[in-house]
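Asker: The structure's right below; bear with me while I get my questions together.
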2 protein chains.
Amino acid sequence: MGASKTDHFTEEQNQIAIVAKALGHPARIAIIEYLLKVNACICNDIVNELPLAQSTISQHLKELKNAGLIKGEIEGNSICYCINETTFNVLKEYFSRIIFTVTNQKCC
Amino acid sequence: MGASKTDHFTEEQNQIAIVAKALGHPARIAIIEYLLKVNACICNDIVNELPLAQSTISQHLKELKNAGLIKGEIEGNSICYCINETTFNVLKEYFSRIIFTVTNQKCC
DNA sequence: ATTTAATATCGCAATATTACGATATAGATT
DNA sequence: AATCTATATCGTAATATTGCGATATTAAAT
């Protein structure tokens, strides 16, 4: 095994899971925070910031991009990776909805 | 390999990653949504709801519990699993902070 | 035209995750 | 006491993830 049974879940459930999974690694969280901090953004900076090899960071960036959490634009020699606000908003809305529902419950 | 280099990241980065990772599976998202829906909560219900074996669901519940996303209280024969609002709040706050920071940036 | 710099991809090894069936455990029911 | 019901744990197979070094690739600088 090792593969998830995605077929049996809703589109939204799979989508949220994909995004959450992409955030499920401290290096990727650190990358997001670094992008926030520097505002402008070039991958090679991150290589000096994180204790990981360049190839590993490139891989993490790819996963963040696939999940729609960051956008990357080629800018001459380097690449401008930025936060994709939209996806983070989807997450925030989703969690807000959960919290709202829980708060209005009486169980536990 | 297969293990993350958690040592080199901050406590918060690791914590957020752990919680996000726990949500990074559609079955676990479905479990959360089911808990929300039924309000009262017994694991065995979920077995009839999801296309997964009882042992698999038990495993997923364990991971959600370890990440602090749900709480479980033994209630006689069965177990009352409920959403742990606190952890969801932490997530929401974290994403809100990200969105706030991004919105006030001019890059990209 | 070469070289340099920034990034991506490949191939691999180590480990983690997912899922299942079988079995254990523990309280409830008979 | 025996059985049922709900849940957890174990063992195992299949697959995914993490991380690295080596090697592309592509644009910039010399």
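Asker: Across the stretch B:21-39, what is the number of residues that are among the hydroxyl-bearing types (Ser, Thr, Tyr) and within 7 Å of another protein chain (Cβ to nearest Cβ)? Explain how you work it out, then say what you get.
Answerer: Of all residues in the stretch B:21-39, those among the hydroxyl-bearing types (Ser, Thr, Tyr) come to B:34.
When the remaining residues are screened for being within 7 Å of another protein chain (Cβ to nearest Cβ), the result is none.
Residues meeting the conditions: 0.
Asker: Going by the structure shown, is B:Ala3 within 9 Å of chain A (Cβ to nearest Cβ) and either within 12 Å of DNA strand C (Cβ to nearest atom) or not in a helix (DSSP H, G or I) (or both)?
Answerer: Here the answer is no, as B:Ala3 does not meet what is asked.
Asker: Let me ask something else. Looking only at residues that are near DNA strand C (Cβ under 8 Å from one of its atoms) and of a type in the set (D, E, K, R) in the stretch B:13-72, which one is surrounded by the most Cβ atoms within 10 Å (Cβ to Cβ)?
Answerer: It comes out as B:Arg28.
Asker: Can you give me the number of residues within the stretch B:44-99 that are in contact (Cβ under 8 Å) with a residue 40 or more places away in the chain and either within 11 Å of DNA strand D (Cβ to nearest atom) or within 15 Å of B:Tyr34 (Cα to Cα) (or both)? Give the steps one after another, and end with the answer.
Answerer: Step one: of the stretch B:44-99, the residues in contact (Cβ under 8 Å) with a residue 40 or more places away in the chain are B:63-64, B:66-69, B:80-83, B:87, B:90-91, B:94.
Then keep just the ones that are either within 11 Å of DNA strand D (Cβ to nearest atom) or within 15 Å of B:Tyr34 (Cα to Cα) (or both); that gives B:63-64, B:66, B:69, B:80-83.
Total meeting the criteria: 8.
Asker: Another one. Within the stretch A:63-90, how many residues are under 10 Å from the mean Cα position of the chain (by Cα) and assigned to a helix (DSSP H, G or I)?
Answerer: Going through the stretch A:63-90 one residue at a time, the tally reaches 6.
Asker: Exactly one of these conditions fails for B:Gln13: (1) touching a residue at least 40 places away in the same chain (Cβ under 8 Å); (2) within 26 Å of A:Cys82 (Cβ to Cβ); (3) facing chain A (nearest Cβ under 8 Å). Give me its number.
Answerer: Unmet condition: (1).
Asker: Next up: Under the condition of being within 11 Å of DNA strand C (Cβ to nearest atom) and in contact with a strand residue (DSSP E or B) (Cβ under 8 Å, 6 or more places away or on another chain), which residue from the stretch A:76-106 is farthest from the other protein chains (Cβ to nearest Cβ)?
Answerer: By that ranking, first place goes to A:Ser78.
Asker: So B:Leu64 ticks every box in (1) touching a strand residue (DSSP E or B) at 6+ places or on another chain (Cβ under 6 Å); (2) more than 7 Å from chain A (Cβ to nearest Cβ); (3) at pLDDT below 95 but one. Which box is left unticked?
Answerer: (3)
Asker: Name every residue in the stretch A:15-58 that is over 30 Å from B:Ile29 (Cβ atoms) and not in a helix (DSSP H, G or I), in order of residue number.
Answerer: Of everything in the stretch A:15-58, those that are over 30 Å from B:Ile29 (Cβ atoms) and not in a helix (DSSP H, G or I) turn out to be A:Asn39, A:Ala40, A:Ile42, A:Pro51, A:Ala53.
Asker: Next question. Can you tell me which of (1) on the phi < 0 side of the Ramachandran plot; (2) at pLDDT below 95; (3) within 12 Å of DNA strand D (Cβ to nearest atom) is the one A:Leu35 doesn't meet?
Answerer: For A:Leu35, the failing item is (3).
The values are calculated or read from the model by the stated rules, or taken from the named source; none is laboratory data. It should be emphasised that the depicted structure is a prediction, and the values quoted were computed from it without experimental measurement. Ideal geometry is used to build each Cβ from the backbone, glycine not excepted, and the neighbour counts take in all protein chains shown.
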